[in-house]
Amino acid sequence: MFGVPGAPAPSAPGSESRFEQFRQTPAFPVLIHTALFAAGIAFIQSSVIELLSPQL
């Protein structure tokens, strides 16, 4: 009734996608932080980090 003209209609609360439902769970930030931590460890252990660090 008081929506912006041309804006999409608000969706029903039960019509969220499975990804949106997963984003609401506490497991989502845990999974993201674990993945970023593992990627950081893999990056540190790789030979790329030696190319980026100065030679002492």
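Summing +1 for each Lys or Arg and -1 for each Asp or Glu among the other residues whose beta-carbon sits under 13 angstrom from that of Phe28 gives +1.
Which length gain, in nm to one decimal place, applies between Ser53 and Arg18 when the Cα-Cα distance is subtracted from 0.36 nm times their residue separation? The partial results should precede the final answer.
Working: separation 35, 0.36 × 35 = 12.60 nm, distance 4.19 nm.
In short, 8.4 nm is gained.
Going by how many other Cβ atoms sit within 10 Å of their own, how do Ser17, Ser47 line up, fewest first? Each step should come with its number before you reach the end.
Working: Ser17 9, Ser47 6.
Sorted ascending by nearby Cβ count, the order is Ser47, Ser17.
Each reported figure results from applying straightforward, stated rules to the coordinates on display, with no laboratory input. Here the structure is a predicted model, which is why all the values come from computation and not from measurement. Positions of Cβ are generated from backbone atoms using ideal geometry, with glycine treated the same way; all protein chains shown enter the neighbour counts.
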